[in-house]
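Participant: So that we are looking at the same thing, I have put the structure below in C-alpha cells.
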Amino acid sequence: MKLTALQVADYMTPNPLTVEPEEPLMRAVEIIRLRGVRRLPVTVGGILVGLVTDGDLKRAEPSMLTDSEEDFNRVMEQTPISRIMIQNPFTTTADTLLVDAAEVLLNTKYGALPVVAGSHVVGIITVNDFMRALVEILREAQGPRGA
C-alpha cells in the first residue's frame, strides 16, 4: 500500500442514504436508527444542499420528559429537515488525497464529509472510515504477526 496515493475513494461509503430538505425530521430519525448511520446528506435531485446529523436531530427533538408523545410526534412529523440541516457543508471529492480530507476533518472537528462529483453526492467519508484506514495502515506497518 502506497500511503501517498491513498484517496478518499479508497475508504468512502459510495452512494450513501440521503434525505430531502422538505422531508420531516421523523424520516431522518428513522433512517439513522434503522440503518445505524449518524449522518445523512440532504439532496435535491442528487445535488447536495446540506447535511443532517444524529446530534442535530437529538437537539431538535422535544423532550419526552416534558412533552407528550403526541407533541413529540407532531413536531417530528411537521418540521422539515431544512430547518435544522447544516447548509453548505464542507465537502470533498473521490480523488482527494486521504490525508487532505483527514486534515479538513481534524481542523473543522466535523465527523464526516460528503463526497461530491460536481454538486452530486457520490459518497460520504466519516471518522470511522478514517479509523478503518488507520488500522489497515498500522497493521501493514506492523508486518506479519509473530515475525
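Read the figures in this text as sums done on the coordinates, not as results from a lab. Here the structure is a predicted model, which is why all the values come from computation and not from measurement. Every residue, glycine among them, receives a Cβ derived from its backbone with ideal geometry; neighbour counts consider all protein chains shown.
Participant: Sticking with the crude label model, points 7 Å out along Cα→Cβ, report the distance from VAL104 to GLU30 in nm, one decimal please.
Facilitator: In this crude label model, VAL104 to GLU30 measures out at 3.1 nm.
Participant: Could you compute the FRET efficiency for ASP71 and GLU20, with r as their C-beta to C-beta distance and R0 at 22 Å, rounded to 0.05?
Facilitator: Details: r = 25 Å, r/R0 = 1.12.
Taking R0 as 22 Å, the efficiency between ASP71 and GLU20 is 0.35.
Participant: Which label belongs to the value computed from this structure, given these candidates for semi-axes √(5λ) of the Cα gyration tensor in Å: (i) 44, 19, 14; (ii) 26, 20, 16; (iii) 34, 18, 11?
Facilitator: For semi-axes √(5λ) of the Cα gyration tensor in Å, the calculated option is (iii).
Participant: Round to a whole angstrom and tell me the spacing of the C-alpha centers of the stretch 83-118 and the stretch 22-68.
Facilitator: After rounding, the separation between the Cα centres reads 18 Å.
Participant: Taking 8 Å as the Cα distance limit and 6 or more residues as the minimum spacing, I'd like the relative contact order of the chain as a percentage.
Facilitator: Here the relative contact order equals 30 percent.
Participant: Could you check the spin-label model distance between GLN142 and SER119? Points 7 Å from the Cα along Cα→Cβ, value in nm.
Facilitator: Between GLN142 and SER119, the simple spin-label model gives 4.6 nm.
Participant: Is it possible to state the helix-based mean residue ellipticity at 222 nm for the chain, with each DSSP H run of 4+ residues giving -39500 (n - 2.57), the sum divided by total residues, to the nearest 500 deg cm²/dmol? What is it?
Facilitator: Using -39500 (n - 2.57) per qualifying helix, the result is -11500 deg cm²/dmol.
Participant: Moving to a separate point now. What spacing in nm lies between the two simple spin-label points modelled at ARG83 and LEU97, each 7 Å away from Cα in the Cβ direction?
Facilitator: 4.4 nm
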